[in-house]
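Notes follow the structure.
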Amino acid sequence: MTESTSQALDTRASILRTAEALFIEHGYAATSLRLITAKAKVNLAAVNYHFGSKQALIREVFERRLGPLNAARIAYLDRLEAAAGGRSLAIEQIIEAILAPDLNVSREPLARDSIFLRLLGRAFSEPGGSLREILPGQYRQVVIRFKQALTRSLPDMPDQELTWRMHFMFGTLSYIMAGNDALKLIATCNLEDADDAEAIMRRLIPFLAAGLRAPLPLLQTRHGQPGQRAA
């Protein structure tokens, strides 16, 4: 590798690290390319050369970390299903396959991937135009794969209702991934083990499993009258 190539890679990595930190601190909309270049001590031409635009930079931030994380989730689920020998998995196992890769990252709170989990949590709580285009594509295969597993484990659950419950489940996960920034909202509760990822997972798995198994809701008609249960 030539020195110029090495310098270019260092510059690219510095821009990505700086962008991650600033996105967490200020949010996506409020973080300008000018702020990123000033903090990374590079000029705007360097950002344009390596990424082309702010949206492309955001996409790269997510793709380089979220891709491997989602691949690890699917691989975990594959191993559980192979061990089950064709039997449907327990709901708790499926949730574990979603959470375990995050837990492995969270064990090292100063690691870059751990910082990325906070960034990801913020992405779900602060949806912007560019994020609406980036995140669905990154999660498409995960959603399809895990919905297939949940459908086998909840054969009587209507498809539309399962979609809603998965929506609620991933919303809860995004809140948890936001870390202490989100937990401060209920700081007066004096939560124990708030920084213990394994303790959080032990609490979270039965909570989410109960939600997925909950009785079907009794929906109302448009006129406010009791209707049929979700179908």
- request: Restricting attention to the range 85-100, report how many residues are without any contact (Cβ under 8 Å) to a residue 24 or more places away in the chain and either under 19 Å from I144 (Cβ atoms) or under 18 Å from the mean Cα position of the chain (by Cα) (or both).
  value: 1
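Among the residues of the range 162-188 satisfying the criterion of being among the hydroxyl-bearing types (S, T, Y) and at pLDDT 80 or above, which is nearest to T151 (Cα to Cα)? Walk me through it before giving the result.
Here is the first cut: in the range 162-188, the ones among the hydroxyl-bearing types (S, T, Y) are 163, 172, 174-175, 188.
Checking which are at pLDDT 80 or above leaves us with 163, 172.
Details: T163: 10, T172: 20 Å.
Filtering first and then ranking leaves T163.
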query: On the given criteria, is A149 at pLDDT 95 or above and either surrounded by 14 or more Cβ atoms within 10 Å (Cβ to Cβ) or among the basic types (K, R) (or both)?
result: yes
message: Taking the criterion of being under 30 Å from L150 (Cβ atoms) and open to solvent by 70 Å² or more (accessible area, probe 1.4 Å), would at least one residue in the range 45-59 satisfy it?
response: yes
- line: Result of the Cβ filter at 7 Å on the range 201-214, keeping first residues that are open to solvent by 100 Å² or more (accessible area, probe 1.4 Å) and partners that are at pLDDT 95 or above, at least 6 apart or interchain, is R213/I91
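Residue by residue, here is whether (1) closer than 21 Å to E133 by Cα; (2) touching a residue at least 12 places away in the same chain (Cβ under 8 Å) holds:
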residue	(1), (2)
A21	no, yes
A38	no, no
Y49	no, no
F62	yes, yes
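Kindly provide the set of residues from the range 7-29 that are open to solvent by 70 Å² or more (accessible area, probe 1.4 Å) and small (G, A, S), ordered by number.
Within the range 7-29, the subset open to solvent by 70 Å² or more (accessible area, probe 1.4 Å) is 7, 9-10, 17, 25-26, 29.
Matches in the range 7-29: A29 only.
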task: Test L191 against the stated conditions and say whether it is in a loop (DSSP other than H, G, I, E, B), farther than 27 Å from Y76 by Cα and at pLDDT below 65.
output: yes
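The values are calculated or read from the model by the stated rules, or taken from the named source; none is laboratory data. Note that the structure is a prediction, hence the values are computed from the model and not measured. In this analysis, Cβ positions are derived from the backbone assuming ideal geometry, glycine residues included, and neighbour counts consider all displayed protein chains. Surface accessibility is based on the protein's heavy atoms, side chains included, excluding ligands, DNA and RNA. Shrake-Rupley method; radii C 1.70, N 1.55, O 1.52, S 1.80 Å.
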